[in-house]
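Peer 1: So that we are looking at the same thing, I have put the structure below in structure tokens.
The values are calculated or read from the model by the stated rules, or taken from the named source; none is laboratory data. Not measured: the values here are computed from a predicted model. Cβ placement follows ideal geometry from the backbone for every residue including glycine, while neighbour counts extend to all protein chains displayed. Please note that ligands, DNA and RNA were not included when accessible areas were found on the heavy atoms of the full protein model with its side chains. Shrake-Rupley method; radii C 1.70, N 1.55, O 1.52, S 1.80 Å.
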Amino acid sequence: MLKKTLLAGLAIGVAMVTTAYAADPIKIVYIGKNTGNPYFDSITGGFEDACKSLGCEFEFVAPATAEATSQIPFIEAQIQRGVNVIAIAPNSPDALNQVLDGAKAKGILVLTVNGDLVGNETHRDATILPVDFTKTGPNQVELMGSMIGYKGDIAILSATTEAPDQNTWIAAMNDTLKNDAKYKDMHLVATVYGDDQPEKSTTEMEALLSNYPNLVGVIAPTTVGIAAAAQVIQSRNLAATVHVTGLGLPSEMRDFVKDGTVSAFQLWSPYNEGWLAAHFAVGVIGGTIKNEVGGTFDVPNLGTITIADKNAMNTQAELTTFDAKNIDDFDF
């Protein structure tokens with residue numbers, strides 16, 4: 001009888017320990033491109049709100065600069081910390097491969113969020129993107145074309161030279177301008193890089209105006225770049241002759257739209273990326289979601305999400321265009 005009682009006690013003890021471990025919250029970290037970039041505040045908000053409802057723990061970290069290898073120490077630190085999920089907006093398509101493989105080898109779920117390891121997708125488990133990024137470049141060219149009558153010299157003010165998402169969009173812009181007859185009279189005269197820093201983006205924008213006196217438009221597919229470009233155009237009172245568009249935050253671009261500096265720009269909901277990523281991660285770890293191409297799952301407020309080719313998911317179908325008619329409807 002004593003032996004049975006001891007065994008029963010041991011079984012209860014083991015069950016209690018197992019339950020305690022099972023109850024440990026899932027730890028998610030999101031590594032942004034760089035600090036001081038308000039774009040990531042909205043993504044972080046989505047992660048935070050999702051984890052409040054799901055019971056996971058969340059932390060945001062980022063390097064000071066968006067250089068190709070600047071995120072590596074942050075990934076290594078999170079592996080050492082023993083997080084369950086590393087989500088990252090990669091600063092390079094290939095510089096992170098080895099360290100991310102190390103994370104996966106430790107059983108950490110690796111997600112790219114708001115950018116992907118273009119051409120190196122096997123080094124992460126899945127990607128959460130706002131829209132189908134193959135459409136972003138052509139959509140930006142069309143929006144710019146509509147502003148300038150599909151004629152004239154234009155330039156691109158991007159983030160860093162290695163930014164995988166921006167480089168994907170720029171390649172598509174070049175392809176669209178070259179191969180679609182609709183844009184035959186639009187000439188891309190320069191692509192410059194502001195490194196997602198306000199000061200450098202401002203300097204590059206000013207240089208574009210000096211070096212290309214016939215410039216009629218600038219596409220800035222980065223929230224830091226478009227705000228800097230708009231500020232330069234506003235201060236020089238050039239809105240009537242040089243049109244600025246790109247990807248921006250409504251909260252940062254509202255005044256430029258209202259005073260006519262920028263007539264329209266595009267983006268998506270960054271918040272929804274964090275919201276989707278957290279729900280996906282918790283579901284995969286908990287076994288309620290299978291990370292398989294073709295699979296579907298439901299997310300509150302987003303509806304049914306489909307896992308597409310290369311384990312990619314989008315939060316919305318198309319870019320949202322913001323202008324004077326709808327800018328006040330958005331607060332991120």
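Peer 1: If I filter the stretch 250-262 for residues that are out of contact with any helix residue (DSSP H, G or I) (no Cβ under 8 Å at 6 or more places or on another chain), open to solvent by 20 Å² or more (accessible area, probe 1.4 Å) and of a type outside the set (Ser, Thr, Tyr), do I get at least one hit?
Peer 2: Residues of the stretch 250-262 that are out of contact with any helix residue (DSSP H, G or I) (no Cβ under 8 Å at 6 or more places or on another chain), as a first pass: 251, 255, 260.
Filter again for open to solvent by 20 Å² or more (accessible area, probe 1.4 Å), leaving 251, 255, 260.
Now narrow it down to the ones that are of a type outside the set (Ser, Thr, Tyr): 255, 260.
Yes, the conditions are met somewhere in the stretch 250-262.
Peer 1: Could I ask something else about it? When residues of the stretch 285-304 are filtered for being open to solvent by 60 Å² or more (accessible area, probe 1.4 Å) and part of a strand (DSSP E or B), how many remain?
Peer 2: 3
Peer 1: I've got another one for you. Any residue at all in the stretch 280-297 that is among the acidic types (Asp, Glu) and either more than 19 Å from ALA126 (Cβ to Cβ) or in the same structural domain as ILE233 (by TED's automatic domain parsing) (or both)?
Peer 2: Filtering the stretch 280-297 for residues among the acidic types (Asp, Glu) gives 292.
Then keep just the ones that are either more than 19 Å from ALA126 (Cβ to Cβ) or in the same structural domain as ILE233 (by TED's automatic domain parsing) (or both); that gives none.
Looking for residues that are among the acidic types (Asp, Glu) and either more than 19 Å from ALA126 (Cβ to Cβ) or in the same structural domain as ILE233 (by TED's automatic domain parsing) (or both), one finds none in the stretch 280-297, hence no.
Peer 1: Right, another one. So the check is Cβ under 9 Å with 6+ separation or different chains; which pairs have a first residue in the stretch 154-169 that's in contact (Cβ under 8 Å) with a residue 40 or more places away in the chain and within 15 Å of ASN139 (Cβ to Cβ) and a second one that's in a loop (DSSP other than H, G, I, E, B) and of a type in the set (A, V, I, L, M, F, W, C)?
Peer 2: Sorted first by the residue in the stretch 154-169, then by its partner, the pairs are ASP165/ALA89; ASP165/VAL118; ASP165/PHE133; ASP165/ALA159; GLN166/ALA159; THR168/VAL118; THR168/PHE133; TRP169/PHE133.
Peer 1: Another question, if that's okay. Name the strands (runs of 3 or more DSSP E) wholly within the stretch 68-168 that hold at least 3 residues that are within 14 Å of the chain's Cα centre (by Cα) and at pLDDT 95 or above?
Peer 2: Numbers: elements: 85-88, 109-113, 126-129, 152-158.
Filter on the stretch 68-168 gives 109-113, 126-129.
Peer 1: Related question: For ALA23, are the conditions met, namely being modelled with pLDDT under 95 and either among the hydrophobic types (A, V, I, L, M, F, W, C) or out of contact with any helix residue (DSSP H, G or I) (no Cβ under 9 Å at 6 or more places or on another chain) (or both)?
Peer 2: Values: modelled with pLDDT under 95: yes; either among the hydrophobic types (A, V, I, L, M, F, W, C) or out of contact with any helix residue (DSSP H, G or I) (no Cβ under 9 Å at 6 or more places or on another chain) (or both): yes.
When the stated conditions are applied, ALA23 passes them.
Peer 1: Could you list, in sequence order, all residues of the stretch 95-129 that are within 24 Å of VAL299 (Cβ to Cβ) and among the polar types (S, T, N, Q)?
Peer 2: Once the filter is applied, which keeps residues that are within 24 Å of VAL299 (Cβ to Cβ) and among the polar types (S, T, N, Q), the stretch 95-129 yields THR112, ASN114, THR127.
Peer 1: Quick one: what pairs do we get from the stretch 249-263, first residue closer than 21 Å to PRO38 by Cα, second open to solvent by 10 Å² or more (accessible area, probe 1.4 Å) and at pLDDT below 95, C-beta under 6 Å, 6+ apart or different chains?
Peer 2: PRO250/PHE330
Peer 1: What are the pairs, 6+ residues apart or on separate chains, where a residue within the stretch 224-247 that is under 18 Å from SER146 (Cα atoms) has its Cβ under 9 Å from a residue that is basic (Lys, Arg)?
Peer 2: VAL242/ARG236
Peer 1: Could you list, in sequence order, the residues of the stretch 190-223 that are in a helix (DSSP H, G or I), acidic (Asp, Glu) and touching a residue at least 40 places away in the same chain (Cβ under 8 Å)?
Peer 2: Keep residues of the stretch 190-223 that are in a helix (DSSP H, G or I), which gives 198-211, 223.
Next, only the ones that are acidic (Asp, Glu) stay: 199, 204, 206.
Result: GLU204, single match.
Peer 1: Let me ask something else about it. Going residue by residue through the stretch 305-312, is there one that turns out to be more than 28 Å from MET144 (Cβ to Cβ), over 19 Å from the mean Cα position of the chain (by Cα) and exposed (fewer than 12 other Cβ atoms within 10 Å of the Cβ)?
Peer 2: No, the stretch 305-312 contains no residue that is more than 28 Å from MET144 (Cβ to Cβ), over 19 Å from the mean Cα position of the chain (by Cα) and exposed (fewer than 12 other Cβ atoms within 10 Å of the Cβ).
Peer 1: Report, by residue number, each residue of the stretch 133-165 that is among the hydrophobic types (A, V, I, L, M, F, W, C) and either open to solvent by 10 Å² or more (accessible area, probe 1.4 Å) or not assigned by TED's automatic domain parsing to the domain that holds THR202 (or both).
Peer 2: The first filter runs over the stretch 133-165 and keeps only residues among the hydrophobic types (A, V, I, L, M, F, W, C), leaving 133, 141, 143-144, 147-148, 154-157, 159, 163.
Once the filter is applied, which keeps residues that are among the hydrophobic types (A, V, I, L, M, F, W, C) and either open to solvent by 10 Å² or more (accessible area, probe 1.4 Å) or not assigned by TED's automatic domain parsing to the domain that holds THR202 (or both), the stretch 133-165 yields PHE133, LEU143, MET147, ILE148.
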